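Here's the structure we're looking at; comments come further down.
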Amino acid sequence: MSIVVAHDLSPADTAQLQLERTLGLVTDMGGRTSHTSIIARSLNIPAVVGTELISKTAHTGDILIVDGTTGRVIIGPTDEEISTYYERQEELEAYLKEIRRRAHLPAQTQDGFLVNMEANIELLEEVVAAKDNGAEGVGLYRTEFFFMNRADFPDEETLFAQYRELAELMAPQWVTMRTLDLGADKLTTWHPKLKETNPALGLRSIRLCLHYRELFKTQLRAILRASGVARNVRLMFPLVSGVGELLEAKKILKEAEEELTRQRVPFDEHLPLGVMIEVPSAVAVADMLAEEVDFFSIGTNDLIQYTLAIDRGNEHVAYLYEPLHPAVLRFLRQTVEAGHKAKISVSMCGEMAGESIYVPILLGLQFDTLSMNPQSIPRVKNLICRSRVKDAQRLVRKILRLRTAKEISDLLRKTMLKNFPEEFRVFDPVALGPERIHTPRQKRRNRSSGAKTP
């Protein structure tokens, strides 16, 4: 058993880890929404990212404490520190054990507002964790993970077998399949090599799929075929920037449907179709997009990145990644209102949905569904069941009048500490503030550092 320390871990690197032998992950690069952070949370592995120089500070054989709740890494801890962290671990496990007992109850507020709770997954093996933690469906299946570390592009039959198994495992609950979200940051051996100065703004996600149409249609045919197995599959296009792009994707979907019909291959003719709201242009035309789809799913990881013009995987600016920025919160409100006006459901599947500090805001905005890594579901459910949506709406009205993220954070922290003190007795209050990064030089002096990974 060991702790993996690296300069960075790409999605392909993470896919090759022997997770059963991995106690923790620590990297120089990344932020709390980087792929390393996301998969660590989904697999319940402590992780601290964005430390900048940990790979040059820690050495093979060093004893480390990795505190994923506060973003603290201790190199060569004292006996007293080890004892303290054992006590913290026991307190955390006791708290989580207690709230997991109620994880299968509906996420309903004390005044009757019901929120659907779903899971974000990448692997079929995560279905067990999703069900054990009370997930009511899969709100985001990251289909690109299956494409990584392969010598060639998987054919339609291979994809169909994978998707069919997931649909059968989750039936009758919904499975929302996101089409390929690949780009230069998730390149695989079969993928055409791209030289892009800024991959986040380049040929990725739905843009890449529209560029390689046969690749896209192969995946769509496999998803359509899987939809006919238990009629519990939903389809979702990522990174849609406007109606024109959506219509192009729907055209290819229609072609795939017509091909299957001619071949007499069954599929769900009423397959629910949604788009992810991840870029400001999509928010601006959300009312138009709502006329073309059955649901919205807000991907906050990218929406925050593009709204605030920062690279969320860049450790030098990760502290600027601020979900509580007034612009971000206004975009969330605008999207929910546009969706509900068009009478379609609105969910959130970004990492923001799984962080308990944001529960009052998401309740106040009246999201229909929250989808997150399975391990976060009991915590978020617990807070929803102890809340009142009317109180949350009043709080949101106050928050939307504030001008800075700090003002909003202070008000939110005060509210949470008053209403849910036990939640932050085991989860350090530093998690309420912006991500903070310290250098290993400070770490030697202070014995702790790191970027926050809840």
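When restricted to residues that are free of Cβ contacts under 8 Å to residues at least 60 places away in the same chain, surrounded by 17 or more Cβ atoms within 10 Å (Cβ to Cβ) and not in a helix (DSSP H, G or I), the stretch 139-172 contains 3. Quickly run through the stretch 273-293 and pick out the residues that are without any contact (Cβ under 8 Å) to a residue 40 or more places away in the chain and farther than 18 Å from residue 207 by Cα. 284 - this is the single residue of the stretch 273-293 that is without any contact (Cβ under 8 Å) to a residue 40 or more places away in the chain and farther than 18 Å from residue 207 by Cα.
Checking each residue in the stretch 253-283 for being of a type in the set (Gly, Ala, Ser) and buried (at least 16 other Cβ atoms within 10 Å of the Cβ) picks out 256, 274, 282.
Tell me, please, whether a residue that is among the small types (Gly, Ala, Ser), out of contact with any strand residue (DSSP E or B) (no Cβ under 7 Å at 6 or more places or on another chain) and over 25 Å from residue 204 (Cα atoms) can be found in the stretch 223-234.
Within the stretch 223-234, one or more residues are among the small types (Gly, Ala, Ser), out of contact with any strand residue (DSSP E or B) (no Cβ under 7 Å at 6 or more places or on another chain) and over 25 Å from residue 204 (Cα atoms).
There is at least one residue in the stretch 233-241 that is outside any helix (DSSP H, G or I) and on the phi > 0 side of the Ramachandran plot. Residue count for the stretch 356-385, restricted to those that are among the charged types (D, E, K, R), surrounded by fewer than 22 Cβ atoms within 10 Å (Cβ to Cβ) and at pLDDT below 95: 0. Restricting attention to the stretch 389-415, the residues being touching a residue at least 60 places away in the same chain (Cβ under 8 Å), crowded, with 16+ Cβ neighbours inside 10 Å and farther than 27 Å from residue 307 by Cα number 1.
Residues that are surrounded by fewer than 17 Cβ atoms within 10 Å (Cβ to Cβ) and over 24 Å from the mean Cα position of the chain (by Cα) within the stretch 219-247 comprise 231, 243, 244, 247, listed in sequence order. Restricting to the stretch 93-111, what's the tally of residues that are exposed (fewer than 13 other Cβ atoms within 10 Å of the Cβ) and without any contact (Cβ under 8 Å) to a residue 40 or more places away in the chain? Here the count works out to 5. For the stretch 121-138, check the following and say yes or no: at least one residue is in contact with a Cys (Cβ under 9 Å, 6 or more places away or on another chain) and either polar (S, T, N, Q) or outside any helix (DSSP H, G or I) (or both). No, the conditions are met nowhere in the stretch 121-138.
Condition check for residue 114 on (1) aliphatic (A, V, I, L, M); (2) at pLDDT below 95; (3) surrounded by fewer than 18 Cβ atoms within 10 Å (Cβ to Cβ): one failure, at (2).
For the condition surrounded by 16 or more Cβ atoms within 10 Å (Cβ to Cβ), touching a helix residue (DSSP H, G or I) at 6+ places or on another chain (Cβ under 9 Å), at pLDDT 90 or above and not charged (D, E, K, R), residue 121 qualifies.
So which of 259, 248, 255 ends up being at pLDDT 95 or above, of a type outside the set (Lys, Arg), outside any loop (DSSP other than H, G, I, E, B) and within 27 Å of residue 171 (Cβ to Cβ)? Matching residue, one of 259, 248, 255: 259. Residues in the stretch 353-378 that are closer than 20 Å to residue 338 by Cα and among the aliphatic types (A, V, I, L, M): 6 in all.
The values are calculated or read from the model by the stated rules, or taken from the named source; none is laboratory data. Computed from a predicted model, the values in this text were never measured in an experiment. Every residue, glycine as well, gets a Cβ built from its backbone with ideal geometry; the counts of neighbours run over all protein chains shown.
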